[in-house]
1. Which FRET efficiency, nearest 0.05, do ASN260 and ALA117 yield, Cβ-Cβ r, R0 41 Å?
2. For the range 367-477, what's the relative contact order in percent, using C-alpha pairs closer than 8 Å and at least 6 residues apart?
3. Considering only protein heavy atoms, what per residue accessible area in square angstrom results for the chain with a 1.4 angstrom probe?
4. Extending each Cα 7 Å along its Cβ direction at VAL88 and GLU458, get the distance between those two points in nm, one decimal.
5. What is the range 367-477 by shape, rounded, prolate or oblate, if you read a ≥ b ≥ c off the alpha carbon gyration tensor as root eigenvalues and call it rounded for a/c under 1.5, prolate for a/b larger than b/c, and oblate otherwise?
6. What number, rounded to the nearest 500 deg cm²/dmol, is the helix-based mean residue ellipticity at 222 nm of the chain, given -39500 (n - 2.57) per DSSP H run of at least four residues and division by all its residues?
7. If I take the Cα coordinates of the range 306-453 and project them onto the principal axes, what are the three extents in Å, biggest first?
8. Mind jotting down the distance between the C-alpha centroids of the range 1-54 and the range 140-204, whole Å?
Amino acid sequence: MPTTEIHAALRQAWDKASLRRLGRAFSDWTVNELTLGAGGPVRPPDFHARARALTRLKGTAANSPAWLRQLGAAGMHINHPAFMAQQVAAPIPLAAMIESAVATLNQSIAVWEMSPAAMLIDRQVLARCKKLFGYPATAEGSLTPGGSFANLTAMLAARAALAPRAWQTGAPNRIAILAGAQTHYSIARAAGIMGMGAACVFPIPTDASHRTNANAIPAVARRARKAGFRRFILVATCGSTPTGSLDDLEAFAAAARELNAWFHIDAAHGGGLMFSPRLRMRLRGIAKADSIAFDPHKMMFMPLAAGAVLVRNGRQLTGAFEQHAPYLFHPPSEAPRAVADVGPFTLACSQRFDALKIWMVWNAYGPQLFAALADATCATASAAFDYCQQSKLLTPLHRPDSNILCFGLRQSVPDADHVHWIIKEAVNATGRAYISSTVLDGRRCFRLVVMNPRSTVEHVARVLGTVERETRRVLRAKGEK
Ligand SMILES: Cc1ncc(COP(=O)(O)O)c(C=O)c1O
């Protein structure tokens, strides 16, 4: 490229006046989207045509605010109070807005010298998380890009503790993972990634309330022993992905002690309940875990991404990885540091400054905001349970432990799995509401996840009223009453 063209391209991309104009337009759009009401559709019925039209757009930087508006209008409005489908939060506005500062500073917090202030903030957030879960100051942790990374990191720390030679030799280690049947797939995926083989995961059955049945752990451990496994990682979940159920952590801790197992808690979803004086009792025993995975981007209502892993004995996390990288990491004897680098114990080399949004919100509004958000969303899920109990068409499949409710048709109908599926699709196609679906006890059902603290009882009535209306329509079309 000729030098004049290079200069012209750089001038255009770094032009201060036009960047200021764009910044103002983006921030107006951002505030509107973050404070969205229930007036428009959750997802527009013609979303597909709108999305295709977007991909054909050509233009200039000056057009980019218009593209952004079109992009927002074409897709799913996670911030809509009638979006009740998946564990993706309507983010706290301040947290979402600070994201552009994270990108602007673009500091990698892997090593102290690259980002001293960011690193201190990151460490302060981690120290607060340790306290939240009742861990000692000697625990160690890091933010991760989500719960799957946090679970993988915890499994690596567990393996390093149970089979210290595994990192170097990759030798078969005969470690079994005993985990509830509703455990998130990232645990089995971690076993696959680590070369332990997904077959080393032994499912523990759930009870009638969809919590993992802690009484069944000894029998599952016997089965694993029979298959040749000698060491165990025991995994509890708070709350589970399908139903938001909270395992009995005290019972799990006792079973882990009996088995001399590494005890991991996947609290990716429910960890945020710890902020609520009313709800935290439901996670009693969490401090007994050897490791905890927890997602601020779920019930702390942070925008994607913000996960975290904590290990009670800090040395066991720092021992999870081994690496040689003299261009980045230096032993403290060679380069003394005010704060130890986090890079040696994170999967990522470039480590995003995700702590900023958490720290900013925590400081601005206090932990009581996180308590309010957990209380509000769990109360809305309870209202959905009450609605289903009184409905002539719908029935709840469990009492919600947190902010997730599975429910289904009250009457039995032929081909029920398919009927549930097409009703869910019909509901979502209306644009009035958005729910998800899963399989519980072998049967397809509806699933509602309250991830917007501004979703109220009225929005629950709108969403479930839409499910009832579409149910009537689908059943009439099938000749059912
Ligand atoms: C219980 C549980 N663990 C882990 C994960 C994975 O988290 P992430 O999507 O942040 O990777 C999920 C995701 O829904 C989950 O529900």
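The values are calculated or read from the model by the stated rules, or taken from the named source; none is laboratory data. Note that the coordinates shown come from a computational prediction; the quantities given were computed from them, not determined experimentally. Using ideal geometry, Cβ is built from the backbone for each residue, glycine included, and neighbour counts are taken over all protein chains shown. Note: accessible area is taken over every heavy atom of the protein model, side chains too, but ligands, DNA and RNA are not part of it. Shrake-Rupley method; radii C 1.70, N 1.55, O 1.52, S 1.80 Å.
1. So, using R0 = 41 Å, E works out to roughly 0.45.
2. Reported as a whole number, the value is 29 percent.
3. Computed with neighbouring chains in place, this is 46 Å² per residue.
4. That separation, rounded to one decimal, is 2.6 nm.
5. Prolate, since a/c reaches 1.5 and a/b exceeds b/c.
6. Result for the chain, helices only: -13500 deg cm²/dmol.
7. The Cα atoms of the range 306-453 stretch 71, 36, 31 Å along the principal axes, largest first.
8. For the range 140-204 versus the range 1-54, the Cα centre distance is 41 Å.
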